[in-house]
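What follows is a single structure, written as C-alpha cells, with notes after it.
The values are calculated or read from the model by the stated rules, or taken from the named source; none is laboratory data. A quick note: this is a predicted structure, and the numbers were derived from the prediction, not measured. As a convention, Cβ positions derive from the backbone with ideal geometry for all residues, glycine included, and neighbour counts pool all protein chains shown.
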C-alpha cells in the first residue's frame, strides 16, 4: 500500500507551477534550496541560483506557506555514482519526493490569507531560528539552533566534522536525552509553581506534538516525545506497562505511519541504543556511584551503536567513550539549559539575555577548541571499512555475551571470552583488505575532472592518479557560500574508508589544473600519503606551489619525473612517457603514464593534447594499450586518429562532468572511438568505472550498473 501511494504524476522536462513553500528556504550565498508542493500536493525539492543582491534580499523574506509562481526544469534525482556512497535518490524517495526542480525564474510570491496549522508552526520555527541568528555570535548560533530547533545548517563545518569523527555528533542534534531533560525540567518547574500533576501532563500532551514539528521531526525526537506521551497516558489511566513494550509500540506506530523511517540512520541509532539501555536496566542498577553509572551507560550506548556507525560511516572513534562521559553531562548541565535561558531572555529581557549569550558563547568557544585539538591526536579514530552482515550478526552475539557476563558480575576469566571474541572480530575486519586476492582500478566520478585509484591485490599498495577539483569562478561577497564543497571529503575519502583504506603509497598529479589537483591538499590532510609524483615543470602557479609545500611539510617523498623514467613499486612498474620537453601548455606537459595491471595495458594521459600525443608517438612508435584514459575529458584537441590507430585500444575511459558546460566529450572524439568499435565508458553516464581483477583476468563494471542518462 505504501509503495503504491509513493509515485509521481509528473514527467521530466520543462515545468511551470504555482508552488507553496513547505519550510523556510535555505539561502547560502547565491543558492536557494528547499522543498515545495504543487497544486496536487506533490512534494518537490528545488534549487535556484539567485541573480542579484536585491533579489536575495526579497527572497530572504519568504516564509513557510508562501506561494510563488516558478518555471524551470524537472530532473530525476541521480542514484549514487560511487559504491557505498550516500543514496540521495533513495533518501528523497523515502520522503515521497521524486523530482529535483531546477528553477529558472521565480515571480509573484505572496502569502495566503490563511495558513494551515503545519505551515503556522513552521513559521514559528523560522522566527525562532532568526532570533537566534540575529542575537547570537556566529561561533554559537549554529549549536543553539541545533539544540532548540534541530537545525544544524549554521554549525561551523570543521567543528561538526570533528564532533562526527569523535562519535559525539549526537550532542549537536535534539536527541531523546534532550527531550527527557527538557520535559523533566519544565515538569519540575510547573509542579514547583503549584500546577497539579494531572494538568501538567495534559499540557505536555498538547505541546509535545507541536514540539515535534518545531524541531524538524527527527526520528529520535518523535520516538522520545511519543514515549513521554504514552507514559503520561498510562499514568493517567493507572496501567502498568513495561517500558520495553512502550518503546516497541512507538517503533511499530512510527513504522505504520511511515515505513521508510526504517532506512534512516537516526531512526536505527535511536531505537537500537534506547532498547540496549532499557534491556540493561538491571546491569546499570548494579552500579551506584554517578561516575560508575555514567561509565556503564556510555559503554552500553557505544557498544550498541558501533555496528551501525561502521556500516554507515566506515569508522569509529577510539576515544568516544571518555569523550561522551565528559560531554554528555557538560551539554546536559550547562550548554542545553544555558541555550534555553539565553534564547528566552534575549526575547523577553534583551540586556539580561545578552549576558547569558556571552557566557554560553565563551563556554562553546573553549569546547570547540578542545574538540578540534582532540581530533588531531593520532589514533583518535579507527577506520574499519563497511562490515558485512555476517560481521554485524557475530558482533551482536559477542556483545550480548559480554553484557550478560557484566550483569552476572562474572569473574574476569568469564568476561575475557566474549571480550576476546569481539577483539578477534575487529582484527579480522581490519585484515580483510590484506587477504583479498582481488585488485582494482577505479575511475572515481569527480564530476568535471580526473581521478583514478589503483589498488593492488592483498592491499599491497594503493595509488591515486589526480584528485579532481571543483572549478570555481570569482564571486561577489554576497554570492559566496558559507560552507565550501570538497570532492575529496564527500566522494573520494568516504569511498576509501568504505574499503578500509587510509594509506596511499603514491599520489600522481599529472599537471596543475584545478580539476586535476584541486583536492590534493584535502587528501593530504586526511590520508597517510608516502610519495608525491609530479612531472617536470609542474610548478607554474600558486596552487602547484602550495601543494608541493604541503607535501614537504608532511615529510612525503616528492619525485619529479619526465619521459623515460620508470617507477617500480611492489608488483607494479609505471613508465613515464611524457613530458619530454617543456612547452607553454600545462596540458601538453601533462604526466602520461603507461602501466600493466590485471593483464591489461593502461595509458593514463592527463590532459595531454595533440602536440603531446604526436611527440609520444615519435618516441614510442610501437606503443600499445588495451585501455586508454582519453585525454582532456574528450575535448576535440586530444585523441588523434594516429594515437588510436597506434594504440589499438579495446576500451576508452572518459572522465567528464554530467551535462558539463564544456560539452565534453566532443562529438568528433566520440565518432573516432565508435568508428573503431572501441568500448566507451564515461563517468558522466556510467558513474564510477571499476576494473576488478585477479591475476591477469578481470572485469569492467559501472556504478550504478546502468545508464540513467536519456
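In the stretch 438-492, what residues are in a helix (DSSP H, G or I), under 21 Å from the mean Cα position of the chain (by Cα) and farther than 23 Å from residue 591 by Cβ? Before you say what the answer is, go through the steps one by one.
Going through the stretch 438-492, the residues in a helix (DSSP H, G or I) turn out to be 457-459, 477-479, 487-492.
Cutting the leftovers down to under 21 Å from the mean Cα position of the chain (by Cα) gives us 487-492.
489, 490 - these are the residues of the stretch 438-492 that are in a helix (DSSP H, G or I), under 21 Å from the mean Cα position of the chain (by Cα) and farther than 23 Å from residue 591 by Cβ.
How about the stretch 50-61: which of its residues are within 26 Å of residue 13 (Cβ to Cβ) and not in a helix (DSSP H, G or I)?
As a first pass, look at the stretch 50-61 and keep what is within 26 Å of residue 13 (Cβ to Cβ): 50-51, 55, 59.
Scanning the stretch 50-61 gives 50, 51.
Find the residue count for the stretch 271-298, including only residues that are outside any helix (DSSP H, G or I) and surrounded by 16 or more Cβ atoms within 10 Å (Cβ to Cβ). Before the answer, list the steps.
Looking only at the stretch 271-298, we keep the residues that are outside any helix (DSSP H, G or I), and these are 280, 286-289.
Restricting the remaining residues to those that are surrounded by 16 or more Cβ atoms within 10 Å (Cβ to Cβ) gives 280.
Number satisfying all stated conditions: 1.
So which residues in the stretch 626-637 are at negative phi and either in contact (Cβ under 8 Å) with a residue 60 or more places away in the chain or surrounded by fewer than 24 Cβ atoms within 10 Å (Cβ to Cβ) (or both)?
Selection gives 626, 627, 629, 635, 636, 637.
With the structure loaded, tell me whether residue 60 is buried (at least 19 other Cβ atoms within 10 Å of the Cβ), at pLDDT 90 or above and under 26 Å from residue 213 (Cα atoms) or whether it fails that test. Don't jump to the end; show me each part of the working.
Working: buried (at least 19 other Cβ atoms within 10 Å of the Cβ): no; at pLDDT 90 or above: yes; under 26 Å from residue 213 (Cα atoms): yes.
When the stated conditions are applied, residue 60 does not pass them.
Considering only the stretch 299-319, state which residues are over 26 Å from residue 526 (Cβ atoms) and not in a helix (DSSP H, G or I). Steps first, please.
If we filter the stretch 299-319 for residues that are over 26 Å from residue 526 (Cβ atoms), which is where we start, we get 299-301, 303-304.
Within the stretch 299-319, none qualify.
Among the residues of the stretch 63-74, what is the count of those that are closer than 20 Å to residue 123 by Cβ, surrounded by 19 or more Cβ atoms within 10 Å (Cβ to Cβ) and out of contact with any helix residue (DSSP H, G or I) (no Cβ under 6 Å at 6 or more places or on another chain)?
2
Restricting attention to the stretch 373-430, which residues are more than 17 Å from residue 310 (Cβ to Cβ), at pLDDT 90 or above and not in a helix (DSSP H, G or I)?
none
Only one of these is under 30 Å from residue 563 (Cα atoms) and out of contact with any helix residue (DSSP H, G or I) (no Cβ under 8 Å at 6 or more places or on another chain): 426, 443, 508. Name it.
Numbers: 426 fails: under 30 Å from residue 563 (Cα atoms); 443 fails: out of contact with any helix residue (DSSP H, G or I) (no Cβ under 8 Å at 6 or more places or on another chain).
It is 508.
Quick check on this structure: which one of 607, 626, 589, 622 is within 30 Å of residue 674 (Cβ to Cβ) and touching a helix residue (DSSP H, G or I) at 6+ places or on another chain (Cβ under 6 Å)? First the steps, then the outcome.
Details: 626 fails: touching a helix residue (DSSP H, G or I) at 6+ places or on another chain (Cβ under 6 Å); 589 fails: touching a helix residue (DSSP H, G or I) at 6+ places or on another chain (Cβ under 6 Å); 622 fails: touching a helix residue (DSSP H, G or I) at 6+ places or on another chain (Cβ under 6 Å).
Going through 607, 626, 589, 622 in turn, just one is within 30 Å of residue 674 (Cβ to Cβ) and touching a helix residue (DSSP H, G or I) at 6+ places or on another chain (Cβ under 6 Å): 607.
Of everything in the stretch 439-476, what is over 20 Å from residue 661 (Cα atoms) and loosely packed, with under 14 Cβ neighbours inside 10 Å? Give them in sequence order.
Of everything in the stretch 439-476, just one residue is over 20 Å from residue 661 (Cα atoms) and loosely packed, with under 14 Cβ neighbours inside 10 Å, namely 476.
Go through the stretch 73-116 and count every residue that is touching a residue at least 12 places away in the same chain (Cβ under 8 Å), touching a strand residue (DSSP E or B) at 6+ places or on another chain (Cβ under 9 Å) and not in a strand (DSSP E or B).
The total comes to 14.
Being surrounded by fewer than 19 Cβ atoms within 10 Å (Cβ to Cβ), in contact (Cβ under 8 Å) with a residue 40 or more places away in the chain and under 20 Å from residue 177 (Cα atoms) is the filter here; which residues of the stretch 329-381 pass it?
Result: 332, 337, 340.
If you check residue 672 against the conditions, is it in the same structural domain as residue 601 (by TED's automatic domain parsing), crowded, with 19+ Cβ neighbours inside 10 Å, out of contact with any strand residue (DSSP E or B) (no Cβ under 9 Å at 6 or more places or on another chain) and farther than 22 Å from residue 595 by Cα?
On the way: in the same structural domain as residue 601 (by TED's automatic domain parsing): yes; crowded, with 19+ Cβ neighbours inside 10 Å: yes; out of contact with any strand residue (DSSP E or B) (no Cβ under 9 Å at 6 or more places or on another chain): yes; farther than 22 Å from residue 595 by Cα: yes.
So residue 672 passes the test.
Only residues that are closer than 26 Å to residue 695 by Cα, in a loop (DSSP other than H, G, I, E, B) and in contact (Cβ under 8 Å) with a residue 24 or more places away in the chain: list them for the stretch 564-592, please. Give the steps one after another, and end with the answer.
At the first step, the residues of the stretch 564-592 found to be closer than 26 Å to residue 695 by Cα are 565-577, 592.
Those left that are additionally in a loop (DSSP other than H, G, I, E, B): 565, 570-571.
If the condition is that a residue be closer than 26 Å to residue 695 by Cα, in a loop (DSSP other than H, G, I, E, B) and in contact (Cβ under 8 Å) with a residue 24 or more places away in the chain, then 570, 571 are the ones that fit.
Looking only at the stretch 638-659, filter to residues that are surrounded by fewer than 20 Cβ atoms within 10 Å (Cβ to Cβ) and in contact with a helix residue (DSSP H, G or I) (Cβ under 7 Å, 6 or more places away or on another chain); which one of those is farthest from residue 596 (Cα to Cα)?
Only one residue fits best here, namely 658.
Of the numbered conditions (1) touching a helix residue (DSSP H, G or I) at 6+ places or on another chain (Cβ under 9 Å); (2) farther than 18 Å from residue 108 by Cβ, residue 50 fails exactly one; give the number of that condition.
Single failed check for residue 50: (2).
Going by what's in this entry, would residue 44 be described as within 29 Å of residue 688 (Cβ to Cβ), in contact (Cβ under 8 Å) with a residue 40 or more places away in the chain and crowded, with 16+ Cβ neighbours inside 10 Å?
Details: within 29 Å of residue 688 (Cβ to Cβ): yes; in contact (Cβ under 8 Å) with a residue 40 or more places away in the chain: yes; crowded, with 16+ Cβ neighbours inside 10 Å: yes.
Yes, satisfied.
In the list 224, 146, 165, which residue meets the criterion of being surrounded by 19 or more Cβ atoms within 10 Å (Cβ to Cβ) and in contact with a strand residue (DSSP E or B) (Cβ under 6 Å, 6 or more places away or on another chain)?
165
Considering the stretch 237-256 alone, what residues qualify as being under 24 Å from residue 203 (Cβ atoms) and part of a helix (DSSP H, G or I)?
Scanning the stretch 237-256 gives 243, 246, 247, 249, 250, 253, 254.
Given 77, 112, which one is surrounded by fewer than 15 Cβ atoms within 10 Å (Cβ to Cβ) and closer than 27 Å to residue 14 by Cβ?
Details: 77 fails: surrounded by fewer than 15 Cβ atoms within 10 Å (Cβ to Cβ).
Of the residues listed, the single one that is surrounded by fewer than 15 Cβ atoms within 10 Å (Cβ to Cβ) and closer than 27 Å to residue 14 by Cβ is 112.
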